[in-house]
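Okay, structure first, notes after.
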Ligand code: SF4
Ligand code: SF4
């Protein structure tokens, strides 16, 4: 092994062939948003694979260009969908980010903030809820408005006001708070569905969680929400914090496997994609490998699961026209593309508008829209132009990051549409 750090890359890449699978055909180039923007080979999937392989072979140091390209990549995995050779690009770029984090010697302030957020706040439910409550106070008291109006935050970063606009609106109640008094066992039960409340979903999208759970209950599903569950670890894995991701994965396995259930129903594309990877990532773990494999097999996106029920018989026709944006972690990571469309097509009287380039990343990409705001806005521009052309009333998408990014885009471009999660949309249509 020419480069001892290859071990770190390969530690997360158990398939040794992964770095040599690319046949340089270029089929992925047209699907890559960063290549589309720069037209530089090094910003393409094929170019990045060459960079990663060069580092792995010891032919290239971890240079600023290498770090820049790994950070510029959205990890949207559109290239994986296009690739005829089955290159697992997402695993490669995520591993290279682990390598970058592990070999970093100096941290700038944004790096430190990111590390604290990922390793000390998202990992601890109490810390997360405390920070969320403080944010709620700042948002609801008008302090955030005053901070933005005064412009003083721009001293720290010229885009600070935009970051505040991109932040989710914190909710007064977490998922459990909203569920007080709700029985999770319906009279008739056909399936038992486990449910991940999530981290950001729990404090900022607890209403979407409630809609998902209510929809499951109304469709004869018992819902199991383990008390000791934690964040799924996807944001950590995508940002090079793999050790923390592994610790979270194991905590979740302990929490979820305490009871038997039929499926784990996910309403967040990023969380669902990562939970489907637990089995692969822990395949060498002497304690958790079998449990992780079983756990991943039971994970289903909301749009996959609902087809097991006869939900459509309970719905009234919607009044609004609807369009659908594919979240990258649903369409590219999970390859779930037809199920959401078939789910929507089952709604009686639905008026659907086709969204051109619906699988093109909106630029949210986890925390990319904060870490690389300007680049992210290029990708959002294209998405908003396509959304504008649909003239739909409602945009449906199943990922919290996409919801925040598109909501920001709707305000920025002054469009008359709103964003909604498919579970909220469906739950709203149930005839009482
Ligand atoms: S993950 Fe997305 S941005 Fe990154 S190389 Fe693939 S297509 Fe391009
Ligand atoms: S499509 Fe796949 S095999 Fe072809 S260049 Fe891109 S990554 Fe390589």
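Here are some notes:
- Among the residues making up the stretch 77-99, those that are within 15 Å of ligand 1 (Cβ to nearest atom), closer than 13 Å to residue 239 by Cα and in contact (Cβ under 8 Å) with a residue 60 or more places away in the chain are 90, 91, 92, 94, 95, 96, 97.
- Residue check, residue 291 surrounded by fewer than 24 Cβ atoms within 10 Å (Cβ to Cβ), free of Cβ contacts under 8 Å to residues at least 40 places away in the same chain and out of contact with any helix residue (DSSP H, G or I) (no Cβ under 9 Å at 6 or more places or on another chain): no
- Residue count, the stretch 302-314 (criterion: crowded, with 19+ Cβ neighbours inside 10 Å and outside any helix (DSSP H, G or I)): 0
- Of all the listed residues (340, 286, 317), the sole one being assigned by TED's automatic domain parsing to the domain that holds residue 406 and surrounded by fewer than 18 Cβ atoms within 10 Å (Cβ to Cβ) is 317.
- Some residue of the stretch 103-110 being loosely packed, with under 12 Cβ neighbours inside 10 Å, modelled with pLDDT of 90 or more and not assigned by TED's automatic domain parsing to the domain that holds residue 49: no
- Among the residues of the stretch 50-85, those that are within 16 Å of ligand 2 (Cβ to nearest atom) and either farther than 25 Å from residue 336 by Cβ or in contact with a strand residue (DSSP E or B) (Cβ under 9 Å, 6 or more places away or on another chain) (or both) comprise 50, 51, 52, 53, 54, 56, 69, 70.
- Evaluation of residue 168 against the conditions (1) in contact (Cβ under 8 Å) with a residue 60 or more places away in the chain; (2) in a helix (DSSP H, G or I) shows that the sole unmet condition is (2).
- Filtered residues of the stretch 32-50 (kept if surrounded by fewer than 21 Cβ atoms within 10 Å (Cβ to Cβ) and not in a loop (DSSP other than H, G, I, E, B)): 36, 37, 38, 41, 42, 43, 47, 50
- Restricting attention to the stretch 31-49, the residues being more than 10 Å from ligand 2 (Cβ to nearest atom) and either touching a residue at least 40 places away in the same chain (Cβ under 8 Å) or touching a strand residue (DSSP E or B) at 6+ places or on another chain (Cβ under 6 Å) (or both) number 3.
- Helices (runs of 4 or more DSSP H) contained entirely in the stretch 352-423, each with at least 2 residues that are under 17 Å from the mean Cα position of the chain (by Cα), within 27 Å of residue 203 (Cβ to Cβ) and modelled with pLDDT of 95 or more: 373-390, 400-412
- Matching residues in the stretch 384-405 - criterion: being buried (at least 24 other Cβ atoms within 10 Å of the Cβ) and within 21 Å of residue 75 (Cβ to Cβ): 397, 398, 399, 400, 401, 402, 403, 405
- In the stretch 69-138, counting only helices (runs of 4 or more DSSP H) that sit wholly within it, the ones holding 2 or more residues that are over 22 Å from residue 370 (Cα atoms) and touching a helix residue (DSSP H, G or I) at 6+ places or on another chain (Cβ under 8 Å) span 78-82, 89-103.
Condition check ((1) at pLDDT 95 or above; (2) in contact with a strand residue (DSSP E or B) (Cβ under 6 Å, 6 or more places away or on another chain); (3) part of a helix (DSSP H, G or I)) across all residues:
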site: 243; (1), (2), (3): no, no, yes
site: 255; (1), (2), (3): yes, no, yes
site: 261; (1), (2), (3): yes, yes, no
site: 265; (1), (2), (3): yes, yes, no
site: 284; (1), (2), (3): no, no, no
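The values are calculated or read from the model by the stated rules, or taken from the named source; none is laboratory data. Just so you know, these numbers come straight off a predicted model, no measurement behind them. Virtual Cβ from ideal backbone geometry, glycine too; neighbours counted across all protein chains shown.
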